[in-house]
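One structure is given below, encoded as structure tokens.
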Amino acid sequence: MPSETARLHGSAFSGLRNVAPFVRGVASATPPSSTVALSFVSEKGDRATYAAAFELAPRRVVSFARRREADFAAVFLAPGGASAADRRLGGTRGTSVPFGELFRLR
Amino acid sequence: MSFLLHTAGILAAIAVSACAARFAADAFLAGLSRAERWAWALWLGLALEASVYLVFLAAGRAPGPAVMVGAPAVIAAAAILFLRRRPRATEPAPGSPARALLALSVVAVAVFALAALSEPMWSNDFLAIWGFKGKTIWFSRAVPDRIFHDPAVVWSHPEYPLFLPAVFAALSASIGRWDDHALAALFPLLQAATAAALYGWTKRRFSTCAGALAAILAAAFFPLFRAFEVGMAEIPLALSLLLFSQAAVDFDETPSRSAGMRLAIASLLAAAVKREGTLFVVLAAGWMALRALRRRNGRAVPVLALAAAPAVLHGLLLTAARGSIPDRDYDWSFARPDRWPALAGQAGQVLSHLFRAGDAATWIAFLALAFFAAAARPAGGAPALAILGPALLLQSCVYVAVCSFSTFDPVWQASFVPRLENALFPVMVLAVAPRLAFLFSSGRVTAE
């Protein structure tokens, strides 16, 4: 689906339709004051990063490189999402969220 | 259903705060036309909402709907009861051509409202900057330090001013929840205020027909008033630059206390919206001061104090409150002589991108600026319009020049220039509309 068309159906997440339920699942499973590391978030910033940070605000959203600062790590498992290495970085006791897994780090 | 309720709540909150601003600011809105007064009222009302909200947050309390609607209502009631209202001059009713142009302006606002309200705000800069900060402030019930200093969100431009995020958070407080779909209702109102400010000012200076033409030229400028711009700072910036420009021309001709107040407030709010606002008011103030020095009329210092100082003060206070933030987008070391060859290379890339064959956007923008300068110079009803031409031209040149200092790809940076130029369009209309109004009227357009 072209991103413009997908945006009309999926609001702010543009062509990343699976990211929307994933991020909303993370939001409902984490307290607003927490810090969450997401597998696809980029330090430089891209559309998926902006949309996820906006959707999860006021939670602090960080990349996996900063997961030591995080209370939770969430791995996006849809096609094009996390690699096997990312899944291992998340932790061992994950809970399922739409299109991914959420790990409590502290 | 909740979307409609939230939208109605936000519109009601804006209406109450605009009424409060309208009556409380009667003294310095004196002499303006009715349309101008309401454009100012909307802008000042938003500033009032944001100020009330931030003051409560600074005091450690998160205000709810009762405070956010009650405080402006009390201010409005007190202003009506205790402030003497100035007598208003009667305004001529618009003729048939002007009525038709005004009706088209209303259609243009309705079209943009449809685009703005058809879905939640989604543009990149809303998600990454303005909405992200507004939502963080609203849910945190504070202005958290990490908005400025979190290395994980350097892409959110922590150095940008906070007026728009504060307005988003304040309007959310006025309905007791965050709804980024309903908040989009703000942007068609800003478009309507832009058209009203142009209509009122041009009508007061030239003719009703010229005013109506100015209104439709601005309201139907869809490169600015489009869905992509909803939630971003260019639409508020366009209104703030327009109000500043009108106040600057008024003050340059008649340095009254009310014009001076408008100039100072417009300068402050232009700086609070975006850094481009600070740039514009400083450039315009500098040019006005040079004119005053050349004419030896003793106005150079008042002009700098009223037009430039509030914007500069805003920047200093913001820096003092949040601390220094490195500018990630620009590498000013290119200014060192040993890096001039690299700077020249970047400048070449920027210019060849902006003025590339087959893309007329930049050419049109600069031709429009030249047309503005030509139209503004001999403007019979407002010769001081000539102060805006150099400011607009310098502003555009600075936009192009700073792209050459980009830390990242200068061509990518230059891709934002047309969007920034669009925000200058309503100011250009100030001079152009009176020159074109002859198309719709039988007589020569002159100052009233």
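Each reported figure results from applying straightforward, stated rules to the coordinates on display, with no laboratory input. Because the structure is a prediction, the values reported are computed rather than measured. Positions of Cβ are generated from backbone atoms using ideal geometry, with glycine treated the same way; all protein chains shown enter the neighbour counts.
Given labels modelled 7 Å from the Cα in the Cβ direction, how far is it in nm from B:ARG85 to B:ALA66?
In this crude label model, B:ARG85 to B:ALA66 measures out at 3.0 nm.
Calculate I(q)/I(0) for segment B:383-430 by the Debye formula, one identical point scatterer on each C-alpha and no solvent, and give its log10 at q = 0.13, 0.23, 0.26 Å⁻¹ to two decimals.
Reported log10 I(q)/I(0), two decimals: -0.35, -0.81, -0.93.
With viscosity set to 1.567 mPa s and temperature to 4 °C, compute the Stokes-Einstein D of segment B:235-323, Rh being the Kirkwood radius across alpha carbon pairs; µm²/s, no decimals. All intermediate terms of the calculation are to be shown ahead of the outcome.
Numbers: Rh = 12.7 Å.
Here the translational diffusion coefficient equals 102 µm²/s.
Using only the Cα atoms of segment B:186-301, build the gyration tensor, take square roots of its eigenvalues as a ≥ b ≥ c, and label the shape rounded, prolate or oblate: rounded if a/c is under 1.5, else prolate if a/b is larger than b/c, else oblate.
The shape class here is oblate.
Kindly give the semi-axes, whole Å and largest first, of the ellipsoid equivalent to segment B:53-173, taking each as the square root of 5 times a Cα gyration tensor eigenvalue. Write down the numbers at each step before the final one.
Values: eigenvalues 251, 131, 31 Å².
Its equivalent ellipsoid spans semi-axes of 35, 26, 12 Å.
Can you list which of the trypsin sites (Lys or Arg not before Pro) found in segment B:251-297 are DSSP loop residues with at most 10 other C-beta atoms within 10 Å? Working shown, then result.
Details: sites: B:ARG257, B:ARG262, B:LYS274, B:ARG275, B:ARG291, B:ARG294, B:ARG295, B:ARG296; in loops: B:LYS274, B:ARG296.
Within segment B:251-297, the qualifying trypsin sites (Lys or Arg not before Pro) (loop, at most 10 other Cβ atoms within 10 Å) are B:ARG296.
To the nearest 500 deg cm²/dmol, what mean residue ellipticity at 222 nm is calculated for chain B from DSSP H runs of n ≥ 4 alone, each contributing -39,500 (n - 2.57), summed and divided by the residues?
Details: 21 runs with 297 residues, N = 448.
Rounded to the nearest 500, the figure is -21500 deg cm²/dmol.
Please report, to one decimal in angstroms, the Kirkwood hydrodynamic radius of chain B built from all distinct Cα-Cα pairs. Working shown, then result.
Values: mean 1/r = 0.0444 Å⁻¹.
About 22.5 Å for chain B.
Which distance in nm do the two modelled labels at B:ALA58 and B:LEU316 give, with both placed 7 Å along the Cα-to-Cβ direction?
With each label placed 7 Å out from Cα toward Cβ, I get 1.6 nm.
Among the lysines, which fall within straight-line cross-link reach of B:LYS133, defined as a Cα-Cα distance under 30 Å, with same-chain neighbours fewer than 8 residues apart omitted?
A:LYS44, B:LYS274
Over segment B:1-74, one equal point on each Cα, no solvent: what is log10 I(q)/I(0) by the Debye formula at q = 0.16, 0.26, 0.27 Å⁻¹?
Debye output, listed in q order: -0.60, -1.12, -1.16.
Compute the length gained on full extension between B:LEU290 and B:ALA15: take 0.36 nm times their separation in residues and subtract their Cα-Cα distance, giving the result in nm to one decimal.
On the way: separation 275, 0.36 × 275 = 99.00 nm, distance 4.01 nm.
Contour length minus the Cα-Cα distance gives 95.0 nm.
Given R₀ = 41 Å, FRET efficiency for B:ALA78-B:VAL107 by Cβ-Cβ distance, to 0.05?
Working: r = 38 Å, r/R0 = 0.93.
Result of the calculation: an efficiency of 0.60.
Viscosity 0.692 mPa s, temperature 37 °C: Stokes-Einstein D of the protein assembly as shown from its Kirkwood Cα radius, in µm² per second? All intermediate terms of the calculation are to be shown ahead of the outcome.
Working: Rh = 24.8 Å.
Answer, rounded: 132 µm²/s.
Quick one: length gained pulling B:SER96 to B:ARG257 fully straight, 0.36 nm per residue minus the C-alpha distance?
Roughly 54.3 nm would be gained on extension.
Among the complete DSSP H segments of chain B, which ones combine at least 27 Å of alpha-carbon extent along their axis with a mean Kyte-Doolittle hydropathy of 1.0 or more? Don't jump to the answer; show the numbers that get you there.
Working: long enough: B:2-24 (33 Å, 1.60); B:34-58 (35 Å, 0.94); B:96-117 (31 Å, 2.06); B:186-205 (28 Å, 0.25); B:234-253 (28 Å, 0.90); B:275-295 (30 Å, 0.55).
Membrane-span-like by this criterion, though nothing is claimed about a membrane: B:2-24, B:96-117.
Starting with the fewest neighbours, write out B:VAL400, B:VAL109 ranked by other beta-carbon atoms found within 10 Å of each beta-carbon. It would help to have the intermediate numbers written out before the result.
On the way: B:VAL400 18, B:VAL109 23.
In order of increasing Cβ crowding within 10 Å: B:VAL400, B:VAL109.
Straight-line reach from B:LYS203: which lysines have Cα under 27 Å away, leaving out those fewer than 8 places along the same chain?
none
Could you check the simple spin-label distance between B:SER2 and B:TRP332, using points 7 Å along Cα→Cβ, in nm with one decimal?
Here the modelled spin labels are 4.6 nm apart.
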